[in-house]
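Please treat every number below as a calculation from the coordinates, not as lab data. All of these numbers come straight from a predicted model, not from anything done at the bench. Every residue, glycine among them, receives a Cβ derived from its backbone with ideal geometry; neighbour counts consider all protein chains shown.
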Amino acid sequence: MNIAIIPARGGSKRIKNKNIKDFYGKPIIAYAIELALDSNLFDKVVVSTDSIEIQSIAKNFKAECNSLRPSELSDDFSTTLDVISYEVRNLALKNDDIVCCIYPTTPLLKSNFLKMGLGAIESGKYCFSACKFSSNPLRGFYIKNDEIFLLDEAYRDSRSQDLEVFYYDAGQFYIGYVKEFLDKKPIFSKNSKPIILPQINVVDINTPEDWEIAEIKYKILCKQ
């Protein structure tokens, strides 16, 4: 059995009510719910939340959300693995069931990437969304006391085209067997399988500027 779980807590500091903020006419979480439902890849689509308001919205968009998760799993220190491991116990899922955690602020995500992830999953391993860095981080630096420090002096004069390509967690979805989530096995390991997404399909929405970028990318995708 394939289960989609969308974790969506009520509290958000940088963007108020981020998970249910209007995004082109409907709460942004509705896009994740509709994506999961319309993909026909899942036997259940469940929203995990501590918020009565989010619970109501989830049900209005045909997701399951029969109970609220504990407040201690909805603070700034709760991890995705904490939440998903709780929900798979709460849902009484079997070890060989597959869970796809889809984040609630993913209006740019497409079902073909979920299908690719489900097709690539293997027992004992996770699949997750990833994206290529637009600028190579080896040429990066940080500023301390008004001084510039390179991350690695060895790459001071390197050409970007000569450097290894680097990727980052796109923060769109994580797929794994129930047993891995129950054991809270680290998602990022050498055996995990990344599904590489184009940059147009990725925005980590944490600030108002990120939200505006997501709106621009969404408009572009709608024209394609």
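Points to keep in mind about this one:
- Radius 15 Å from Cβ of residue 123, net charge of other residues (Lys, Arg +1; Asp, Glu -1): 0
- Annotation for residue 1 and residue 133: the two label points, set 7 Å from Cα along the Cα-Cβ direction, are 4.2 nm apart.
- Legend: translational diffusion of the chain by Stokes-Einstein, Rh = Kirkwood radius over C-alpha pairs, 20 °C, 1.002 mPa s; D = 115 µm²/s.
- Its alpha carbons considered, region 129-173 gives a radius of gyration followed by a Dmax of 12.9, 38 Å.
- Residues residue 43 and residue 141, FRET efficiency given R0 of 45 Å [Cβ-Cβ distance, rounded to 0.05]: 0.40
- Estimated distance in nm for a label pair at residue 12 and residue 222, the labels positioned 7 Å out from Cα along Cα-to-Cβ: 1.8 nm
- Pairs beyond 26 Å (Cα-Cα), from 13/193; 44/110; 62/115; 59/110; 62/125: 13/193; 62/125
- With both labels modelled 7 Å from their Cα along Cα-to-Cβ, the residue 123 to residue 76 distance reads 4.2 nm.
- Relative to the longest principal axis of the Cα atoms of the chain, the long axis of helix 111-120 lies at roughly 90 degrees.
- Here's the list of aspartates and glutamates a cross-link from residue 21 could span, going by alpha-carbon distance under 18 Å and ignoring same-chain residues fewer than 8 apart: 34, 50, 53, 204, 209, 210, 212, 215.
- Using a Förster distance of 22 Å, the FRET efficiency for residue 62-residue 111 (Cβ separation, nearest 0.05): 0.85
- Three semi-axes describe the equivalent ellipsoid of region 86-198; taken as square roots of 5 times the Cα gyration tensor eigenvalues and ordered largest first, they are 35, 16, 14 Å.
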